[in-house]
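The values are calculated or read from the model by the stated rules, or taken from the named source; none is laboratory data. Just so we're clear, the structure is a prediction, and the values are computed from it rather than from any experiment. Cβ placement follows ideal geometry from the backbone for every residue including glycine, while neighbour counts extend to all protein chains displayed.
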Number of protein chains: 2
Amino acid sequence: MDDRTEHGIPRAVAIAWGMAETPQRGPRRGLSHERIVEAAIEIADADGLAAVTMQRVAESLGFTTMSLYRYVANKGELLTLMQDAASKLPKVDTWPPPEGWQEGIRQLAIQLTEIYRARTWMLELPRYERAVLMPNAMEFAERAMAALEPLPLDTEQRVAVILNLAVLAEGFCRLEINLAEEEVTEFDAHDIQLLSEVITPERFPLLAPLVVTGSWAGSPETGHGHVSGEFERGLQWLISGIEQLAAQASSPG
Amino acid sequence: MDDRTEHGIPRAVAIAWGMAETPQRGPRRGLSHERIVEAAIEIADADGLAAVTMQRVAESLGFTTMSLYRYVANKGELLTLMQDAASKLPKVDTWPPPEGWQEGIRQLAIQLTEIYRARTWMLELPRYERAVLMPNAMEFAERAMAALEPLPLDTEQRVAVILNLAVLAEGFCRLEINLAEEEVTEFDAHDIQLLSEVITPERFPLLAPLVVTGSWAGSPETGHGHVSGEFERGLQWLISGIEQLAAQASSPG
DNA sequence: ACCTGAACACCGTTCAAGT
DNA sequence: ACCTGAACACCGTTCAAGT
């Protein structure tokens, strides 16, 4: 099975949109794309992405490993489908929110971070196991477009807002998880003492003091080491940048 | 070999700073951390990250696979070391640039994207094979701090700028590579026709028209599909956000 | 058309042994 | 202390065969 359809569209995109025909004739057909993806996500949720092997996914469904290959060209395709399925935004009663486009932007950003934080395995997926044209990525973009509608921006500007929003949210989640898992967690005074032998004021005049005080990559006990404050600032800069642009656009000259 | 030192510092960090003692006594010692990392990077540059196996790295150095494990606790540690070694910023004559902090910020962002674009395998590294305290990450932060020095910001604000800068640059490189490799490259009118059957104006009233015209995930022939314009906008929003903050700080009240 | 079973060509990593 | 050689416990994926 090739991982492209007869067209330029990746097979995973076609499957996600339900465009990959799975004919009804023949034996049992106990399996389906949906069931396979669902089972894989359950395993990732429970035991992490490394636990998602073709064997284990199949086993959890009561089928042979090889039966999966009738539905999926390779493991990467399955991962791409998992990524999209896990990206489903929460239902909202009214959209965009009446508080204004800034609130809409902010809510979308927060919803993205909640998705990633609930499923950190999503940020462990290989870079290429994602596609722009998947249903839930489109849904995100559509909601963002709706929130931005009252603004006097051209298409490219709107697209830029959406991409920056997504990049910021994902990037800071990644950073947050890295910091939580890596060095920072178990830092103590002794470690900092040790690091300060190489991170000297001579070599890092501006940064060395911050490392010592814990302001840079600091430990949780110093009140740093979480990065959500920096994310909110970035979001605010994005929003005020858009405000400025909108003001220019509506009063030209 | 454990992947932590006796302290909370990850072994990879200690190695990168030259704090992991490799005693001189004993047989040949033909190997070193530097040579191993260098060899691994050469392989990644030539044949991609997937080609970097312990066997191939060792082989390219003329040693047994297992000899590597005397220097590196596991493959992940090697990947972390590769990440940092490949993150070396270009030498600059004068820093920060005399044109002002905005130019400094911009130059740093561009330098980051050039590093990633030259070595796309860096963006394929698993999320956890990165550490904040590695030498070249520190060097980046130090340069950014130097560029920001004239500004009346507090420490947390400066840190926020640096993190947003890094997140933006990396995120857009990732996006750019995804778009180049994935669906977009080989899109034609027929594909769009096919997609427009599921991406309908009913379900995606604002986005569907953009997909048809190629403004969203468009093909190169329509002039879209590259994302550097959106990155520059984000960078500009970041910069004007900082300008605004700085103006507030210097004229309080 | 759907699923199975056996086999292949890899991985990273262990362990005990050599010098 | 440094390196080797053989072995282990996995992977994803192929292929030919069953129903």
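Just a few scattered comments:
- All positions within segment B:36-72 that are at positive phi and over 19 Å from the mean Cα position of the chain (by Cα): B:Gly62
- Among the candidates A:Arg127, A:Arg106, A:Arg56, the residue that is touching a residue at least 60 places away in the same chain (Cβ under 8 Å) and either part of a helix (DSSP H, G or I) or out of contact with any Gly (no Cβ under 9 Å at 6 or more places or on another chain) (or both) is uniquely A:Arg106.
- Out of A:Asp45, A:Asp93, A:Asp84, one residue alone is touching a residue at least 60 places away in the same chain (Cβ under 8 Å), over 23 Å from A:Leu133 (Cα atoms) and away from DNA strand C (no atom under 15 Å from the Cβ). It is A:Asp45.
- Scanning segment B:140-165 for residues that are at the interface with chain A (Cβ under 8 Å from one of its Cβ atoms) and without any contact (Cβ under 8 Å) to a residue 60 or more places away in the chain yields a count of 10.
- All positions within segment B:71-81 that are more than 9 Å from DNA strand C (Cβ to nearest atom) and either within 14 Å of chain A (Cβ to nearest Cβ) or among the aliphatic types (A, V, I, L, M) (or both): B:Leu79, B:Thr80, B:Leu81
- For B:Arg158, the stated conditions do not hold, so it cannot be described as within 14 Å of the chain's Cα centre (by Cα) and in a helix (DSSP H, G or I).
- Restricting attention to segment B:59-86 and to residues that are near DNA strand D (Cβ under 9 Å from one of its atoms) and part of a loop (DSSP other than H, G, I, E, B), the residue that is surrounded by the fewest Cβ atoms within 10 Å (Cβ to Cβ) turns out to be B:Gly62.
- Among residues that are within 16 Å of DNA strand C (Cβ to nearest atom) and away from chain A (no Cβ under 14 Å), B:Ile115 is not included.
- Some residue of segment B:63-70 being touching an Asp or Glu at 6+ places or on another chain (Cβ under 9 Å) and either in contact (Cβ under 8 Å) with a residue 60 or more places away in the chain or within 12 Å of DNA strand C (Cβ to nearest atom) (or both): yes
- Meets criteria (at pLDDT 95 or above, away from DNA strand D (no atom under 16 Å from the Cβ) and either among the hydrophobic types (A, V, I, L, M, F, W, C) or exposed (fewer than 15 other Cβ atoms within 10 Å of the Cβ) (or both)) for A:Arg117: yes
- Checking A:Thr200 against (1) within 28 Å of the chain's Cα centre (by Cα); (2) more than 9 Å from every other protein chain (Cβ to nearest Cβ); (3) modelled with pLDDT of 90 or more, the condition it does not meet: (1)
- Test: residue in segment A:21-39 that is within 14 Å of chain B (Cβ to nearest Cβ), within 16 Å of DNA strand C (Cβ to nearest atom), closer than 30 Å to B:Leu206 by Cα and acidic (Asp, Glu): yes
- The one condition from (1) in contact with a helix residue (DSSP H, G or I) (Cβ under 9 Å, 6 or more places away or on another chain); (2) farther than 28 Å from A:Leu49 by Cβ that A:Ala109 does not meet is (2).
- Filtered by the rule that a residue be at pLDDT 85 or above and within 8 Å of another protein chain (Cβ to nearest Cβ), segment B:212-230 gives B:Val227, B:Gly229, B:Glu230.
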